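Undergrad: I am attaching a structure below and will ask some questions about it afterwards.
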């Protein structure tokens, strides 16, 4: 079983304000389904109010992200699934619920983590 990150940037969700509650309900229904299936690890939304910083190996702190990194915002979940194909199916469920494309990434396996 591998861990997969399913996510979307905030700008990808172009939903009228009047429909946001329905989108939230649909997304939470998919998450409840993932929990019931035993594949849910964790998820949520990136808190845009948190001041982004980089912390170096010497513990010095710099405001902002790496220059080559795009902003990380929006929502995400991590699921533990048996295959890439299964991950694509869950990403499609979330894309339908959130009404926006989802990005799918696999975590590398590290037996120490």
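The values are calculated or read from the model by the stated rules, or taken from the named source; none is laboratory data. Computed from a predicted structure; not experimentally measured. When we count neighbours, we look across all protein chains shown, and the Cβ atoms used for this are built from the backbone with ideal geometry, even at glycine.
Undergrad: Those residues that are touching a residue at least 40 places away in the same chain (Cβ under 8 Å) and either surrounded by fewer than 16 Cβ atoms within 10 Å (Cβ to Cβ) or outside any helix (DSSP H, G or I) (or both), I need them from the stretch 87-100; list them, please.
TA: Answer for the stretch 87-100, where residues must be touching a residue at least 40 places away in the same chain (Cβ under 8 Å) and either surrounded by fewer than 16 Cβ atoms within 10 Å (Cβ to Cβ) or outside any helix (DSSP H, G or I) (or both): 96, 99, 100.
Undergrad: Go through (1) within 23 Å of residue 106 (Cα to Cα); (2) at pLDDT 95 or above for residue 26 and report which single condition fails.
TA: (1)
Undergrad: For the stretch 66-86, state whether one or more residues are touching a strand residue (DSSP E or B) at 6+ places or on another chain (Cβ under 9 Å) and farther than 20 Å from residue 4 by Cβ.
TA: Looking through the stretch 66-86, at least one residue is touching a strand residue (DSSP E or B) at 6+ places or on another chain (Cβ under 9 Å) and farther than 20 Å from residue 4 by Cβ.
Undergrad: From the set of residues in the stretch 10-50 that are in contact with a helix residue (DSSP H, G or I) (Cβ under 8 Å, 6 or more places away or on another chain) and in a helix (DSSP H, G or I), which is surrounded by the fewest Cβ atoms within 10 Å (Cβ to Cβ)?
TA: 29
Undergrad: Related question: Take the residues in the stretch 44-73 that are within 19 Å of residue 27 (Cα to Cα) and without any contact (Cβ under 8 Å) to a residue 40 or more places away in the chain, then tell me which one is farthest from the chain's Cα centre (by Cα).
TA: Checked the stretch 44-73; the qualifying residue farthest from the chain's Cα centre (by Cα) is 47.
Undergrad: Looking only at the stretch 74-85, filter to residues that are over 25 Å from residue 22 (Cα atoms) and surrounded by 14 or more Cβ atoms within 10 Å (Cβ to Cβ); which one of those is nearest to the chain's Cα centre (by Cα)?
TA: Checked the stretch 74-85; the qualifying residue nearest to the chain's Cα centre (by Cα) is 80.
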